[in-house]
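Data first, discussion second: the structure below is written as structure tokens.
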Amino acid sequence: MNTMLRKSVLGIAGLAFTGGVFAGPIAVHAAEPVHSTKPVAVSVQGAQSKIDLNDEQTANAKAIIAATKKAGLPERAAVISIATSLQESKLENLGHLGDRNDHDSLGLFQQRPSSGWGTPEQITDPEYSTLAFLKGLKQVDGWDKMPLTEAAQTVQVSAYPDAYAQWEQQAADIVAHNWNS
């Protein structure tokens, strides 16, 4: 190897080593997980809706958050779950609504016994219905990176697929307020 080539190789190796020494601690720090107290929102889509929650609705939102934690899922899953429930039932644990009922839909997520979500008793149990929803959500590849309405729609198969998006901000606020309580 000629002298000029050797000096070039050694110079590049020296720069690489020096860069590694100085950038190494930065790269290690950057690889550490960041723990945020706010839910990760991909992006709030469109006009947002908001309702005032009564005690029952607040308790149901807290039950959804507790079930999400029990499932070992992050805040984003709770945001998607609460936004879905806001759209489906306004966070009310609905029983059979007679003529106003959409098929045999029940509970916080308007899940249907005839579609295999569980028995009427199971579906109207907030923890069970949330865990059933989350089981479906976990089967959606990339659910945590896609728009909320797309993730919810993939699980729910609603006639109004874009309707979930309007609840994202309120759901994120509810989760941010209650996740650590």
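The values are calculated or read from the model by the stated rules, or taken from the named source; none is laboratory data. In this text the structure is predicted, and so the values were computed from the model without any measurement. FYI the Cβ positions are ideal-geometry reconstructions off the backbone, even for glycines, and counts take in every protein chain you see.
Might you check whether a residue that is loosely packed, with under 15 Cβ neighbours inside 10 Å and either within 15 Å of A172 (Cα to Cα) or modelled with pLDDT of 95 or more (or both) occurs anywhere in the range 98-120? Please lay out each step first, then the result.
Of the range 98-120, the ones loosely packed, with under 15 Cβ neighbours inside 10 Å are 98-103, 114-116, 119.
Narrowing the set further to residues that are either within 15 Å of A172 (Cα to Cα) or modelled with pLDDT of 95 or more (or both) leaves none.
The answer is no, given that none of the residues of the range 98-120 is loosely packed, with under 15 Cβ neighbours inside 10 Å and either within 15 Å of A172 (Cα to Cα) or modelled with pLDDT of 95 or more (or both).
What about R112, is it of a type in the set (K, R), in contact (Cβ under 8 Å) with a residue 12 or more places away in the chain and touching a helix residue (DSSP H, G or I) at 6+ places or on another chain (Cβ under 9 Å)?
Values: of a type in the set (K, R): yes; in contact (Cβ under 8 Å) with a residue 12 or more places away in the chain: no; touching a helix residue (DSSP H, G or I) at 6+ places or on another chain (Cβ under 9 Å): yes.
No; evaluated as a whole, the condition is false for this residue.
With in contact with a Pro (Cβ under 7 Å, 6 or more places away or on another chain) and at pLDDT 95 or above as the only criterion, which of N60, N54, N93 stands out?
Values: N54 fails: in contact with a Pro (Cβ under 7 Å, 6 or more places away or on another chain); N93 fails: at pLDDT 95 or above.
Just a single option satisfies the conditions, and that option is N60.
In the range 138-162, which residues are among the hydrophobic types (A, V, I, L, M, F, W, C) and surrounded by fewer than 20 Cβ atoms within 10 Å (Cβ to Cβ)? Write out each step before concluding.
Narrowing the range 138-162 to residues among the hydrophobic types (A, V, I, L, M, F, W, C): 140, 143, 146, 148, 151-152, 155, 157, 159.
Once the filter is applied, which keeps residues that are among the hydrophobic types (A, V, I, L, M, F, W, C) and surrounded by fewer than 20 Cβ atoms within 10 Å (Cβ to Cβ), the range 138-162 yields V140, M146, V157, A159.
Consider L73 carefully, then state whether it is in contact with a Lys or Arg (Cβ under 9 Å, 6 or more places away or on another chain), modelled with pLDDT of 95 or more and surrounded by fewer than 20 Cβ atoms within 10 Å (Cβ to Cβ). Steps first, answer last, please.
Values: in contact with a Lys or Arg (Cβ under 9 Å, 6 or more places away or on another chain): yes; modelled with pLDDT of 95 or more: yes; surrounded by fewer than 20 Cβ atoms within 10 Å (Cβ to Cβ): yes.
Answer is yes for this residue.
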